[in-house]
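Enquirer: Let me give you the structure first, and then I'll get to my questions.
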Amino acid sequence: MVKKYVILIFLLIFVNSLIVYAADNQTTSKAVNKEKAFSWLYNESKSENWGGDANIVSWVILALKNSKNYGDYDYNKAVDKLEDMEDDSNWDDDVYETSMAILALKKTGNNVENEVEWLNDQQEEVLESGNWLVQFLTESEDAKCNINYDGDSYEFSINKTEIVDSSESCGAVGGSWVDFEECVKDGDNVDMYETFDVNCLSNSRVQTSVLFKNDNTYYITDQNEPLEIENSCFYGDGNDCSCINTQYASWVLSVVNDPDYRSYTLPYLRSNCNEDVLDTIFLYMLTSSNEYYSYLTSDDGQLEDGSFSGDEYQTALALIAMKGKTSPEITKAISWLAFRQKQDGSWSGNIKTTAAVLYALTADVTVGPGPNNTTGCGDGVVNNGTEQCEYTSQCNNSSMTCTACQCVAVPSCTRDEECNSGYSCQGGKCLLVAECKLSSDCDLGEICVDGNCKVKQTGCTSSSGCGLDEVCEDGVCVAEEGNGWVTWLIVILIVLVGLAGAYFGYKKFFRKKGGIKPSGFKPNNQFAPRATTYAQTKQSVPISSPPVSNNVDRMEEQLDQSLKKARDLLRGK
């Protein structure tokens, strides 16, 4: 009897584990319910006076402005709330909140000129003397280079092993490096932004670079003429550089894309804000560098379940950063968010998180170049040997523009009419009237080509273009809810094998052996029941202990209930 009790416990645990497994896999196969999410966000935000602080209200506005395909949700009151919270072109003198407010108002078509000016003025110089270096690399044994800065020229003689300052006013800091602050600025710290030209006389090409040194690590910050030094950050509450403030402010200024107001923060972010996934997300937003994209989609960046740091908000930011890309990693991230969506439609019951996820998902996630367009101009990737640029910003010269993926000279002009469509006459040159600089400036599903946001072909247009048990969800094939037949087949097989094993185990090891078997019924034979004495058996069992048979009966009843629940799940109830 004890053995029967043990095996019933084992079966009960086994079946309940299958129920949990089946329920979990049923959840992961569903798609994001955006209609329910927007409904929850609108009603919850309205009841909370549109989200509270400027940061939350801004995310609500960014999400609700994309809700037209999922319901009619008016976000104008949220915009009014955000504007009422503004004080002297900022929100609470806070860089982070002001950055998000600018982004929300910009995306809804409001004028943010004064607010952008305030934000730009919050940039501060990163005063770390001796960290800025100019590198010269040449294959020639003899070369002479001049650094032309602020109307003066500084000459250096260079060979493979050393740099010699012609004026002997400073020393080199390395075999191929010149200390810019010591040798060019005469010991002064660099400003927030510096620019200079380098002219070299040599029998071979001299490669010049700007390096930023942080401790013992060197970062190449620029390799294109004219060379630029960017030396700023945004402060936090403690009057020190703040990664979070610098990240959001730099992102927003890049989206606004006003040539008069730009951030000079990349060297600071690369050298000081590069420790975790969130840092890499912002670095990819600002640079579109494959270096950061590769990290995000590696095992170090994206977890096996498809999330980033197991965090819904960070996963949404990662999807925003990877606009214009398509990959299994993006599909996994969307599927994880679908799994994490609560029954009420929200994510974690949190307004900000839900709004950020919706903002990331309510435009198409686009694909890269197809198999027949691996080197096509306009695919967002500079293909070596055939292209010089995808965007004008990649020409790194104000006198050049990106046309047909080639950097060409900007035409001269005296008035706007002399320029092509989309260009205006600025300082005697036809310069692009750009709505974007990077793809991160555009809405999800668009890339920045020649300063304009262009929609690329989506990964699918209908469910017919997807695989078995998948539907087309915002241009991406995702698993269809409730149709994970492979999962259910595995569950059924496991249940059948487990029950069969339990049955044969019970017959072999736990069925009574040598017991009295009833005689077969024969005509003319009289059946006589065997008398059994129960009184002594009852007396031998302590009154305080329940009969084992009752425990077994209860276990059998629980097992029957568990098996019934498993069958209901398998039938899709």
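A short reminder: the numbers here are calculations on the coordinates, not readings from a lab. If you're wondering where the values come from, they're calculated on a predicted model, not measured in any experiment. Don't worry about glycine lacking a Cβ; one is built from the backbone with ideal geometry, like all the others, and counts go over all protein chains shown.
Enquirer: Distance from a point 7 Å along Cα→Cβ of M85 to each backbone N in region 45-72: keep the residues under 17 Å and list them by number.
Expert: 45-65
Enquirer: By how many nm would the segment from D53 to N76 lengthen if fully extended, with 0.36 nm per residue of separation less the alpha-carbon distance?
Expert: Length difference between fully extended and current span is 6.6 nm.
Enquirer: How big is the charge dipole of region 132-230 about its Cα centre, in debye rounded to the nearest 20, if each Lys and Arg gets +1 on its Cβ and each Asp and Glu gets -1 on its Cβ?
Expert: 420
Enquirer: Could you give me the ³J(HN,Hα) list for region 97-114, computed from phi with Karplus coefficients 6.51, -1.76, 1.60 and θ = phi - 60°, whole Hz, x at Gly and Pro?
Expert: My calculation for region 97-114 gives 5, 5, 4, 5, 5, 4, 4, 5, 5, 4, 5, 9, x, 8, 7, 10, 4, 5 Hz in order.
Enquirer: I've got another one for you. For N148 and N114, what does the FRET efficiency come to when R0 = 30 Å and r is the distance between their Cβ atoms, rounded to the nearest 0.05?
Expert: After rounding, the FRET efficiency stands at 0.25.
Enquirer: Counting pairs of Cα atoms in region 45-95, how many percent are more than 12 Å apart?
Expert: 62
Enquirer: Rounded to whole Å and sorted largest first, list the principal axis extents of the Cα atoms in region 178-291.
Expert: Extents along the principal axes, in whole Å: 48, 33, 32.
Enquirer: Between beta-carbons, use under 12 Å as the cut-off and find the net charge around E182, counting Lys and Arg +1, Asp and Glu -1.
Expert: -4
Enquirer: Given 0.36 nm per residue, what is the gain on full extension from S204 to E228 after removing their alpha carbon distance, in nm?
Expert: My answer for the length gained is 6.3 nm.
Enquirer: Can you flag which of K107/K213; K77/K323; K65/K332; K107/K342; K106/K213 are past 32 Å Cα-Cα?
Expert: K107/K213; K106/K213
Enquirer: Still on this structure, please answer the following. Considering the convex hull of the alpha carbon atoms of region 131-243, report its projected area averaged over all viewing directions, in nm², one decimal.
Expert: Value for region 131-243: 7.6 nm².
Enquirer: Next question, about the same structure. By per-residue mean of other Cβ atoms within 10 Å, what is the highest-first order of 221-227, 493-499?
Expert: 221-227, 493-499
Enquirer: According to a simple spin-label model (label point 7 Å from Cα along Cα-to-Cβ), what is the distance in nm between S289 and D165?
Expert: Placing both labels 7 Å along Cα→Cβ, they lie 2.9 nm apart.
Enquirer: Another one. Ranking request for peptides 326-336, 193-203: highest mean number of other beta-carbon atoms within 10 Å first, then the rest in descending order.
Expert: Listed from highest to lowest mean packing, they are 326-336, 193-203.
Enquirer: I want to make sure I understand the PRE zone here: with the label point 7 angstrom from the Cα of D305 toward its beta carbon, which residues in region 254-288 have backbone N atoms less than 19 Å away?
Expert: Under cut-off, by backbone N: 277-278.
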